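The values are calculated or read from the model by the stated rules, or taken from the named source; none is laboratory data. Note that the coordinates shown come from a computational prediction; the quantities given were computed from them, not determined experimentally. Using ideal geometry, Cβ is built from the backbone for each residue, glycine included, and neighbour counts are taken over all protein chains shown. All accessible areas refer to the heavy atoms of the entire protein, side chains included, with ligands and DNA or RNA removed. Shrake-Rupley method; radii C 1.70, N 1.55, O 1.52, S 1.80 Å.
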Amino acid sequence: MQPAGRFADARASWDDAQFVIVGVPFDRTTSFRPGARFGPDVIRQQSWNFESYDLETGVDLSEVPIHDLGNTDEYGSSADMVEGVREAIRPIYRAGKLPIVLGGDHACAPPSVEAYPDGGSLGVLYLDAHLDFRSEYLGDGRSHACSSRRMVDRLGARNVVVLGVRSVSKEEVDDNKTVGMSFISAHEIAQEGIESAAQRALNMLKTDRVYISLDIDAIDPAYAGATGTPEPFGLTARDVKYVIDQAAPRLAGLDIMEVSPPWDSGNTSALAARLAREAIVRVVAHRRGR
Ligand code: MN
Ligand code: MN
């Protein structure tokens, strides 16, 4: 692990912490415009923008035990990254803590899921403009274009649901007809409303625990344009807040990927930091019975 700036309010020791922040400054599989390797540190910087007290829940983050582990290595290859991220995340689950992983490109997400203890039953809410369902991309099965596929390999098709999709290849869709991973497109969500769509997605996942993998490009470029492959007609920032709030009682872990600071006015990284804080606040509120 490499030292990094600290996430706001992350003052607890490893032993005391219930929530653990980890940065993965890796974007070697980015296919269009790079920069997500700078995501973890800039999201941390932006996290200091916010008050520690949460108006909606009454939770004060300055009283919540959060530890910031720093960043993993930058890694030379996706294979090294996968191994390194698994090793970094495994002890967090093993200690009964909740990991919050800041990317990095979306290739960094599957190893955070694969680190979940063997035999444990985990569902994934996968928020993305893209299906990320290729078997391999440019010769790399660990490309960010393959991340939902790798999670399905690990957890089974019924335990991964994708929300917010609006950009796919015909091959991915055809391929998925035999695999059967569920997805709810951004257009369906706009039609039926996020309340119904989030409920449907959470009902599809039969596992006790749910992991959220958030590709920031799930959110419309109007709110989150600083990303590798921006895609119009996306979810609102508030839609994603709602999904996090609804999943909080079952939350096992969260990642936020593909924030690309070189393209940012500061708004996208601030939103990413705020959504990470939202997840913590809502899990704490649930544990307190609020
Ligand atoms: Mn993705
Ligand atoms: Mn994407």
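For the chain, the share of accessible area belonging to carbon and sulfur comes to 47 percent (1.4 Å probe, ligands and nucleic acids excluded).
Couplings 3J(HN,Hα) for the range 246-263, derived from phi with the Karplus relation 6.51 cos²θ - 1.76 cosθ + 1.60 (θ = phi - 60°), are 5, 7, 3, x, 10, 5, 9, x, 9, 10, 10, 10, 6, 6, 10, x, x, 9 Hz, where x marks Gly and Pro. The charge dipole of the chain, taken about its Cα centre with unit charges on the Cβ of Lys, Arg, Asp and Glu (plus for the first two, minus for the last two), comes to roughly 620 debye.
Do any of K206/K241; K177/K241; K97/K241 go past 25 Å between their Cα atoms, and which? Pairs exceeding the cut-off: K177/K241.
Give me the accessible area per residue for the chain, probe 1.4 Å, as a whole number in Å².
It amounts to 40 Å² per residue over the chain.
For the ranges 230-240, 100-110, what's the packing order if you count other beta-carbon atoms within 10 Å of each residue, average per peptide, and put the highest first? Numbers along the way, then the final one.
Working: 230-240: 19.6, 100-110: 31.4.
Most protected by this proxy first, the peptides run 100-110, 230-240.
Entry for the chain at q = 0.17 Å⁻¹: log10 I(q)/I(0) = -1.52, Debye formula applied to identical alpha-carbon scatterers, no solvent contribution.
Taking the highest mean first, how do the peptides 123-130, 12-19, 171-178 order by number of other beta carbon atoms within 10 angstrom per residue?
Listed from highest to lowest mean packing, they are 123-130, 12-19, 171-178.
Using the Cα atoms of the range 213-277 to build a convex hull, what is its mean projected area in square nanometres?
Working: hull surface 16.0 nm².
If I average the Cα hull's projected area over directions, I get 4.0 nm².
In terms of accessible area, using a 1.4 Å probe and ignoring ligands and nucleic acids, M1, M181 rank largest first as M1, M181.
Give the percent of DSSP beta bridges with both residues in the range 19-287 that are antiparallel, rounded to the nearest 5. Can you show the working numbers first?
Working: 3 of 38 bridges.
Restricted to the range 19-287, the bridges split so that about 10 percent are antiparallel.
Between the alpha-carbon centres of the range 26-50 and the range 68-138 there is a gap of 15 Å.
Here the sum of -39500 (n - 2.57) over DSSP H runs of 4 or more residues, divided by the residues of the chain, equals -11000 deg cm²/dmol at 222 nm, to the nearest 500. In this structure, the amide hydrogen of V160, modeled 1.01 Å from its nitrogen in the peptide plane, lies closer than 5 angstrom to those of V124, S182, counting only residues at least 5 positions away or on a different chain.
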